[in-house]
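Trainee: If you scroll down you'll find the structure; I have some questions about it.
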Amino acid sequence: MKQLIKNVHILTMDEKWTEYQNGYLLIEDNQISQLGEMTDSLPQADRVIDGKKGILLPGMINTHTHTGMIPFRSLGDDVPDRLRRFLFPLEQVMTPELVRTSAEYAMAEMLLSGVTAFCDMYYFEDQVAQAAERMQVRALLGETIMDMATCDAKNAGEALAYCEQFIQKWQGHEMITPMIAPHAPNTNDLKTLEAIVKLSRKYHAPITMHVEEMTYEMEEFAKKHQQTPIAFLHGLGYFEQDFVMAHCIFMTEEDMALVEQYKEQVRVAHCIGANTKSAKGVAPVGDMLKHQITVGLGTDGPSSGNTLDLFTQMRMFANFHKTYLADRSAFPAREIVCLATAGGAKTLGLFDQVGSLEVGKQADLTLVETQSVNMFPIFDAYSALVYSASASNVSDVWVNGQQLVKEKQLVKKDVQALRTTLYQQMDRFVAEAKRKASEV
């Protein structure tokens, strides 16, 4: 099937920053087959979409989230040590069904905001994979491993066994890539961390992990090992695998020099919203980029960053990093859009497939309408996306050539039905959450 999108301002996000001010793009089956400036003789198509002067860009890529955690949103947001007082205890009541429905709801939210691919870390990850398959999105999914009893494993050994079965089941899927997701360096012992590297090598499976996110994590490794967590993980062989490190708030100059040596395999998912909401700090992304470290944007989970769209992250990135550096000119808007698209694709190892609009790539596209009151006038399309636009301006979304959002509505799913089902499954969770809240 051929789909022609015309009358759009195309931001290709390719290496040359190519733009087409009055452009068209042709999708043939699941790939981009043509794009360029509008002419009198446009290619023939089975379906023609008038973009109405909207901005067409690659689908956005969320490099770190926890889709199973929709039930946690707005819970204990301002409570100190929320992780151990709310999140860990309440995760004990999560069920496979609740995780699956939460994940579907989260994917609906991401699609409606223009996110077409994401990296997830949670429990019952096979349920998340089933949800991703049904929602027809592109996903890298990691089963969480940690040295404590969780809702789907009594210990790290059981979590590793679950993870291996998960990899065996989903490896080779067109749209889903199974990963290994140790929670953090300080929540797994040495034996488990070593076993994870062996499992990654056995299946050539990528790894994702929270790294250098907590002050107590940094203090523990300094005291026990006289190293940073990054240096410690390097010594265990993590940098020889495809490795996505989430957060890296406290990354040192020495850490960056080390990661630079492995820049093809080791990348960073930057979650500015969650990091600043929790008052942990602002990761030194500017210095990372100077060290040629690949960085993409992530939302973190719906309890940490609250929303799952990258428009929020782009604006917060601009505001916090400019303030942090005391430099209004730092990070021009197009560089921030790049972090949400091409940068995210590179972070997740997907740039050969998606992340830019180029002939031969998969047709993962986001169309942002410019008819709303907040989108006029537009002198710079990149600035409009970073400083003016919001998720509500996303009008149409394609993943792998299939249109999944049309005129701001999901094509194949009903958000209200997903919400109703999720709410019905949350009874026990809500009761336990209220009990926990009463103890604060």
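Since every read-out is calculated from the coordinates, none of them should be taken as a lab result. As the structure is a computational prediction, the values presented were derived from the model and not from experiment. Here Cβ is always computed from backbone atoms with ideal geometry, including for glycine, and neighbour counts include all displayed protein chains.
Trainee: How much of the DSSP bridge set in the chain is antiparallel, in percent, rounded to the nearest 5?
Mentor: So the antiparallel bridges amount to about 45 percent of the total.
Trainee: Just flag the chymotrypsin sites (Phe, Trp or Tyr not before Pro) in the range 310-407 sitting in loop per DSSP whose Cβ has no more than 12 other Cβ atoms within 10 Å.
Mentor: When the chymotrypsin sites (Phe, Trp or Tyr not before Pro) of the range 310-407 are filtered for loop state and at most 12 Cβ neighbours within 10 Å, 379 remain.
Trainee: Separate question: Gain in length, residue 407 to residue 430, computed as 0.36 nm per residue apart minus the alpha-carbon separation, to one decimal in nm?
Mentor: The residue 407-residue 430 span can extend by a further 4.9 nm.
Trainee: Moving on to the next point. Where does each of 36-43, 229-236, 215-222 land if you order them by average Cβ count within 10 Å, highest first?
Mentor: In descending order of packing, they fall as 229-236, 215-222, 36-43.
Trainee: Please compute the length gained on full extension between residue 42 and residue 371, using 0.36 nm multiplied by the number of residues separating them and subtracting their Cα-Cα distance.
Mentor: 116.0 nm
Trainee: So what does the Cα-only Debye profile of the range 1-75 read at q = 0.11, 0.14, 0.21 Å⁻¹, as log10 I(q)/I(0), no solvent term?
Mentor: The calculated log intensity ratios at q = 0.11, 0.14, 0.21 Å⁻¹ are -0.39, -0.55, -0.88.
Trainee: For the chain, take the longest principal axis of its alpha carbons; what is the angle in degrees between that and the long axis of helix 215-225, to the nearest 10 within 0 to 90?
Mentor: Computed tilt is about 50 degrees.
Trainee: Relative to the longest principal Cα axis of the chain, at what angle does helix 125-135 sit, 0 to 90 degrees, rounded to 10?
Mentor: Between helix and principal axis, roughly 10 degrees.
Trainee: Rg/Rh for the range 348-429: what does it come to with C-alpha atoms and Rh from Kirkwood?
Mentor: When Rh is taken as the Kirkwood radius, the ratio is 1.09.
Trainee: On a straight-distance basis, which lysines could pair with residue 52 in a cross-link, Cα separation under 23 angstrom, same-chain partners fewer than 8 positions away excluded?
Mentor: 2, 6, 406, 408
Trainee: A further question on this structure: Quick check of the Kirkwood formula: for the chain, what is the inverse mean of 1/r over all pairs of different Cα atoms, in Å?
Mentor: Its Kirkwood hydrodynamic radius stands at 22.0 Å.
Trainee: Per the helix-only calculation at 222 nm, which mean residue ellipticity applies to the chain, given -39500 (n - 2.57) for every DSSP H run of n ≥ 4 and division by its residues, nearest 500 deg cm²/dmol?
Mentor: Value at 222 nm, helices only: -10500 deg cm²/dmol.
Trainee: Going by average Cβ neighbours within 10 Å, how do the peptides 46-54, 4-12 rank, with the highest at the top?
Mentor: The densest-packed peptide leads the list: 4-12, 46-54.
Trainee: Shifting gears a bit: Using Cα pairs closer than 8 Å and at least 6 residues apart in sequence, work out the relative contact order for the chain, in percent.
Mentor: Relative contact order of the chain: 21 percent.
Trainee: Related question: Dividing the convex hull volume of the Cα atoms of the range 36-103 by its residue count, what figure in Å³ per residue is obtained?
Mentor: Hull volume normalised by residue count: 185 Å³.
Trainee: Of the peptides 171-181, 101-111, how do they stack up when ordered by the mean number of other Cβ atoms within 10 Å, highest first?
Mentor: 101-111, 171-181
Trainee: Report P(r) for the range 159-273: all Cα-Cα distances, bin width 10 Å, range 0 to the bin holding the largest distance, values in whole percent.
Mentor: It works out to 14, 47, 31, 8, 0, in whole percents.
Trainee: Further question: If I stretch the segment between residue 169 and residue 224 completely, what's the gain in nm (0.36 nm per residue apart, minus their alpha carbon distance), one decimal?
Mentor: Here the segment from residue 169 to residue 224 would lengthen by 16.0 nm.
Trainee: Hey, what angle do you get for helix 427-439 against the long axis of the chain, alpha-carbon based, 0 to 90 degrees rounded to 10?
Mentor: 60 degrees
Trainee: Taking the Cβ-Cβ separation of residue 380 and residue 325 as r and a Förster radius of 25 Å, what is the calculated FRET efficiency to the nearest 0.05?
Mentor: After rounding to 0.05, the efficiency reads 0.75.
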